[in-house]
Amino acid sequence: MGTWGPHSFDNDTAADLLVSLDGYDQPFERAEAVRATFEEVFSTTVEDMEADTGAAAIAGAEIVASALGQPLDGAKQSFDLAKSFTFYDDTVGMALAALKRVGDDDSELAELWADTDETKTWRASVDDLTTRLVAAAKAHDLSTDFDPPHPDETPEDALRAEVDRVYEDMMSEIERLADKADGDPQVEVLRHLVRKMNLIHKDITNMRYFVVDSLDALTARIDGLEKKTQ
């Protein structure tokens, strides 16, 4: 990780992230790319997390803070992603949870900074970013709570949890629209459709688990029969 300073964007990994965001046409794509930096932190244990992963997450958190009106002092880039980050209303919580892991004494990035004369400056920078994220959450009425997935969680469980989170985000946004629309029938139709989509997802997921369980039971019975014939 090429580094020239202790602050959020003072490294090559952060610079690469900023360049990559310019390659997306839609704001939601940029927002997803930022959220992916946090998801990468949660995909492994603190001890196995690479320094570049931590640096990218810090840069991602800085982008969130900036987009929500809490930029680093003197920063000119405001990152026009506020609508996306308030729609995915767990983004601030994700960023805070990621910062906590990156700042753990056992993370590679923290260990690298611990061996330098600027470790206190780096720690202060992360603490300042954390404070600004909390202020941004308060200003936009967003939650700071987030329960990170465990590294040993199966891909199926992780996907199921992510779909549930997306559904909750969609319903929260629809409820806000409903409050403003004062009984607009189109909003009610949209709310009904989203609920139906969620029920269909759950039905398909439950059916998949039923099929998998049935196949496992059938495989066990076949194995038992083969042992008897040997």
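The values are calculated or read from the model by the stated rules, or taken from the named source; none is laboratory data. This one's a predicted model, so the numbers in the text were calculated from it and none came from an experiment. Heads up, the Cβs are rebuilt from the backbone with ideal geometry, glycines too, and the neighbour counts pull from every protein chain shown. Heavy atoms of the whole protein, side chains included, go into the accessibility calculation; ligands, DNA and RNA do not. Shrake-Rupley method; radii C 1.70, N 1.55, O 1.52, S 1.80 Å.
Only a single criterion out of (1) without any contact (Cβ under 8 Å) to a residue 60 or more places away in the chain; (2) closer than 19 Å to TRP122 by Cα is not satisfied by GLN26, namely (2). Kindly indicate whether GLU29 is of a type in the set (Asp, Glu), open to solvent by 30 Å² or more (accessible area, probe 1.4 Å) and more than 30 Å from MET170 (Cα to Cα). Here the answer is no, as GLU29 does not meet what is asked. Can you say whether PHE79 is aromatic (Phe, Trp, Tyr) and more than 13 Å from the chain's Cα centre (by Cα), as far as the supplied structure shows? Spelling it out, PHE79 is indeed aromatic (Phe, Trp, Tyr) and more than 13 Å from the chain's Cα centre (by Cα). Residues that are exposed (fewer than 13 other Cβ atoms within 10 Å of the Cβ), modelled with pLDDT under 70 and within 30 Å of VAL46 (Cβ to Cβ): does the stretch 216-224 have at least one? For the stretch 216-224, residues exposed (fewer than 13 other Cβ atoms within 10 Å of the Cβ), modelled with pLDDT under 70 and within 30 Å of VAL46 (Cβ to Cβ): absent.
Each row is one residue, and each column tells you yes or no for (1) open to solvent by 40 Å² or more (accessible area, probe 1.4 Å); (2) part of a helix (DSSP H, G or I).
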{"residue": "ILE63", "(1), (2)": "no, yes"}
{"residue": "ASP80", "(1), (2)": "yes, no"}
{"residue": "LYS83", "(1), (2)": "yes, yes"}
{"residue": "THR86", "(1), (2)": "no, yes"}
{"residue": "ASP89", "(1), (2)": "no, no"}
{"residue": "LYS100", "(1), (2)": "yes, yes"}
{"residue": "GLU111", "(1), (2)": "yes, yes"}
{"residue": "SER125", "(1), (2)": "no, yes"}
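The single condition among (1) at pLDDT below 70; (2) surrounded by 11 or more Cβ atoms within 10 Å (Cβ to Cβ); (3) not in a helix (DSSP H, G or I) that PRO149 does not meet is (1).
Residues of the stretch 113-123 that are open to solvent by less than 80 Å² (accessible area, probe 1.4 Å) and either in a helix (DSSP H, G or I) or at pLDDT 95 or above (or both): TRP113, ALA114, THR119, THR121, TRP122, ARG123. Regarding the stretch 160-172, can at least one residue be identified that is of a type outside the set (Lys, Arg), in contact with a Phe, Trp or Tyr (Cβ under 9 Å, 6 or more places away or on another chain), part of a helix (DSSP H, G or I) and at pLDDT below 70? The answer is no, given that none of the residues of the stretch 160-172 is of a type outside the set (Lys, Arg), in contact with a Phe, Trp or Tyr (Cβ under 9 Å, 6 or more places away or on another chain), part of a helix (DSSP H, G or I) and at pLDDT below 70. Residues that are loosely packed, with under 11 Cβ neighbours inside 10 Å, over 28 Å from the mean Cα position of the chain (by Cα) and at pLDDT 70 or above within the stretch 181-206 comprise PRO185, GLN186, VAL189, listed in sequence order. Residues that are part of a loop (DSSP other than H, G, I, E, B), at pLDDT 90 or above and open to solvent by 60 Å² or more (accessible area, probe 1.4 Å) occur in the stretch 7-15; there is at least one. Evaluated against (1) open to solvent by less than 10 Å² (accessible area, probe 1.4 Å); (2) closer than 22 Å to PRO6 by Cα, ALA56 falls short on exactly one condition, (1). For the residues PHE87, PHE42, the requirement of being out of contact with any Leu (no Cβ under 8 Å at 6 or more places or on another chain) and at pLDDT 90 or above singles out PHE42.
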